[in-house]
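Written out below as structure tokens is the structure these notes cover.
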Amino acid sequence: VQLQASGGGLVQAGGSLRLSCAASGTILSEWRMGWYRQAPGKQRELVATITRSGDTAYADSVKGRFTISRDNAENTVSLEMNSLKPEDTAVYYCNANHLIFGSTWGPGTLVTVSS
């Protein structure tokens, strides 16, 4: 399984970005997917998750601003980020979790929000 995240970049506070995680070697709909982030000097933290059945969960800090979704036809998982704040600046990582095959991480994509 290989994951590839894309869509990061530089945006002004209040702006929006859409991150995408594409997979090869597997069908993402069979995995519980998540987005995590790690800011400089901080631990990696959970941002959002989506189960195989489509149930979602969010960190309190992003509720109402971020939306995680699946596109099974495209074999991708996305994170729509709106009303971005400088504190959202971090490297964002896509994670795939399977009961049998374990956890897989993709390389991160940098999101920088300027004030």
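The values are calculated or read from the model by the stated rules, or taken from the named source; none is laboratory data. A quick note: this is a predicted structure, and the numbers were derived from the prediction, not measured. Every residue, glycine as well, gets a Cβ built from its backbone with ideal geometry; the counts of neighbours run over all protein chains shown. Heavy atoms of the whole protein, side chains included, go into the accessibility calculation; ligands, DNA and RNA do not. Shrake-Rupley method; radii C 1.70, N 1.55, O 1.52, S 1.80 Å.
The table below lists the values:
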{"quantity": "Sole residue being in contact with a helix residue (DSSP H, G or I) (Cβ under 9 Å, 6 or more places away or on another chain), in a loop (DSSP other than H, G, I, E, B) and either open to solvent by 20 Å² or more (accessible area, probe 1.4 Å) or among the small types (G, A, S) (or both), chosen from S83, S61, S53", "calculated": "S61"}
{"quantity": "Filtered residue count, region 20-30, keeping only those that are touching a Ser or Thr at 6+ places or on another chain (Cβ under 8 Å) and either under 14 Å from R52 (Cβ atoms) or of a type outside the set (S, T, N, Q) (or both)", "calculated": "4"}
{"quantity": "In region 7-30, residue least open to solvent (accessible area, probe 1.4 Å) [restricted to those that are modelled with pLDDT of 95 or more and among the polar types (S, T, N, Q)]", "calculated": "S20"}
